[in-house]
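The values are calculated or read from the model by the stated rules, or taken from the named source; none is laboratory data. Being a predicted model, the structure only gives us computed values, none of them experimental. Backbone-built Cβ (ideal geometry, glycine too); neighbour counts: all protein chains shown.
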Amino acid sequence: MSSSLDALNQWVAGVAALTKPERIQWCDGSDAEYRQLVDGMLTTGDLIALNPTTHPRSYLHRSNPSDVARVEHLTFVCTPREADAGPNNHWMDPAQAHAKVDALFDGAMQGRTMYVIPYCMGPIDSPIARCGVEITDSPYVVANMRIMTRMGAAALARIERDGSFVRGLHSTGDLDPDKRFIMHFPEELSIKSIGSGYGGNALLGKKCHALRIASHQARREGWLAEHMLIVGVEDPRGETHYIAAAFPSACGKTNLAMLIPTGGYAKDGWKVWTVGDDICWMTPGDDGRLWAINPEAGFFGVAPGTGANTNPNALATLAHDTIYTNVALTSDNQPWWEGLDDRVPAVDWQGRPYDKANGPAAHPNARFTVSARQCPSYTDKAEAAHGVPISAIVFGGRRPSLVPLVFEARDWTHGVLVGAAMGSETTAAATGAVGVMRRDSMAMKPFCGYNFADYFSHWLSFDKPGAKLPKIFHVNWFRKDTDGKFMWPGYGENLRVLEWIIRRVEGTARGIDTPIGTLPAPGGINVEGLALGQAAERALFEVDTEGWATEMTDIASYLDGFGDRLPRALRDEQQRMAAALANTAPRAWAQAV
Ligand code: GTP
Ligand code: SPV
Ligand code: MN
């Protein structure tokens, strides 16, 4: 027997001795195993069967109302030295962290089944893919991991070949928020999560492995693990550009990844291909380009706001074989959420008769779990072992003011600054206040498994001789008018911006240089038929020099928080931008589109 399987068996035995489960089940990822799990959960009430006519083989799970989102304040990166975790992470000494959670794991699985889930993040034969094993006492986690990862026998065989794997130990414990911890040990390639059964806290292949642990591995091995969607945009000539975009949680990745061309774009033959909606692993290829895979096999997407007008591809994907978490129900047992349609639900996400006075019917962070293969725009290229070549990287967040619809960074270093300086309003994807503006560098604030200062250095290091790096852009779909309404229609219309981006990559679209970067030249973005109105047209395509000077001051103090570890080049770039803004007359670059 290979040493990695020996190590796995030893670890499983050790965990069983600590957690004392009633039985151990090694998961093979088969259909029969999935059916058995689902049947078990239907019996216990962990799952509720949905209307079999409208939603075949689909189920609702209601999580504990105190366990509905990621918990950033309970998430720790446990490196031997605190400085290696950085000001962007909560830190705990590894020995102390192990002791703290092991005490909680002691006997935690009594009377429960302990599931052992071998999984692969990425196509099973991809050199960019990496494997892990999650041990959990939650059948809901197993069912979700089967959809979200390549789980089972093939992954186990690859673990044997690879010789190493990420170890993730999870128990729902007693769901007491005071005994909830999501601990990462990047140097040990291990994760210990207890006290939550929800999403990113519990499906350890996702944020814990594919971002926090993987970002650490990626730095060591010379690649990038990012909170990005991957989308292919095919123009009428049949030319496809792949774009990777980092938006913070609940800021539009799934929607952009599944965009459907509308109006003239559809007529002209534009096509959009979904590769991934949340995570992107990128590595330099022999040709100097960055090649990307989606390490996931499914979507764990935000339900509210998903409707026929916004994301018809998602609705088509959800037609069958879907697990819903914390959505509402109609009187005939169909899943429902705000933004789906104008029916009135019968039962809210907590199972109470729907009453407007209790707030939204679906939890704002209600989610669907579904296989990527069910998405009509999913492309075979997502299964390619070597990945897809990335032409453009896009950063963006929820910025109700100041930030224009789109701009392009001058070069890689400037682009890294644009990503590092990214800001966005917080959302319901994590517990805590919603709508609070914070810096969220590269949309990785909750997910980078090491010091952001080192992460910025790592990003900068890709700019070397022979590299053919993607161009970097920043977008903002979330600019608001004085009435608080979004100025830009978003969703399918975002293709207008993607068109400008790929034409910039090809060198055929004109731009105007401004102190913050290159904006579309007048007429550069097709706004035909949008009726934006004059105020919106102006706001979406202008640079408010004074507002940006204030923004640069705020960015400078954010960067100061990383002290001496911050790469010099980033600080220099920030000072160059601040100086350019100061030397510019206080006027706006208004654009007559
Ligand atoms: P995570 O899965 O949490 O990482 O989220 P995400 O980045 O994939 O966000 P998602 O696409 O699920 O969108 C989150 C919310 O933003 C949904 O309610 C969407 O309806 C809304 N949204 C997405 N794209 C747009 C857009 O272009 N404009 C506007 N106004 N809202 C959008
Ligand atoms: C996010 O919060 O960015 C998500 C959902 O994609 S979770 O899996 O809970 O992290
Ligand atoms: Mn996400």
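Restricting attention to the stretch 235-258 and to residues that are on the phi > 0 side of the Ramachandran plot and in contact with a strand residue (DSSP E or B) (Cβ under 8 Å, 6 or more places away or on another chain), the residue that is farthest from ligand 2 (Cβ to nearest atom) turns out to be 252. Evaluated against (1) touching a Gly at 6+ places or on another chain (Cβ under 7 Å); (2) closer than 28 Å to residue 183 by Cβ; (3) outside any helix (DSSP H, G or I), residue 472 falls short on exactly one condition, (2).
Of all residues in the stretch 228-274, how many are under 23 Å from residue 448 (Cα atoms) and of a type in the set (Ser, Thr, Tyr)? Residues in the stretch 228-274 being under 23 Å from residue 448 (Cα atoms) and of a type in the set (Ser, Thr, Tyr): 2 in total.
Taken as a whole, the structure leaves residue 74 outside the set of residues that are more than 29 Å from residue 559 (Cβ to Cβ) and modelled with pLDDT of 95 or more.
Looking across the stretch 232-258 at every residue that is within 17 Å of residue 310 (Cα to Cα) and touching a Phe, Trp or Tyr at 6+ places or on another chain (Cβ under 7 Å), the one that is farthest from ligand 3 (Cβ to nearest atom) is identified as 255. Just one of the listed residues (232, 269, 264, 288) is in contact (Cβ under 8 Å) with a residue 60 or more places away in the chain, away from ligand 2 (no atom under 11 Å from the Cβ), out of contact with any Ser or Thr (no Cβ under 6 Å at 6 or more places or on another chain) and within 19 Å of residue 501 (Cβ to Cβ), and it is 264.
Each row is one residue, and each column tells you yes or no for (1) crowded, with 18+ Cβ neighbours inside 10 Å; (2) within 20 Å of residue 414 (Cα to Cα); (3) aromatic (Phe, Trp, Tyr).
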{"site": "489", "(1), (2), (3)": "no, no, no"}
{"site": "499", "(1), (2), (3)": "yes, no, no"}
{"site": "510", "(1), (2), (3)": "no, yes, no"}
{"site": "514", "(1), (2), (3)": "yes, yes, no"}
{"site": "540", "(1), (2), (3)": "yes, no, no"}
{"site": "555", "(1), (2), (3)": "yes, yes, no"}
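The lone criterion from (1) within 24 Å of residue 552 (Cβ to Cβ); (2) surrounded by 24 or more Cβ atoms within 10 Å (Cβ to Cβ); (3) within 16 Å of ligand 3 (Cβ to nearest atom) left unmet by residue 449 is number (1). Go through the stretch 247-277 and give me each residue that's within 9 Å of ligand 1 (Cβ to nearest atom), of a type in the set (A, V, I, L, M, F, W, C) and farther than 18 Å from residue 493 by Cα. Passing the criteria: only 250. Beta carbons closer than 8 Å, at least 6 apart along the sequence or on distinct chains, never pair a first residue in the stretch 176-202 that is closer than 20 Å to residue 249 by Cα with a second that is of a type in the set (Asp, Glu) and buried (at least 23 other Cβ atoms within 10 Å of the Cβ).
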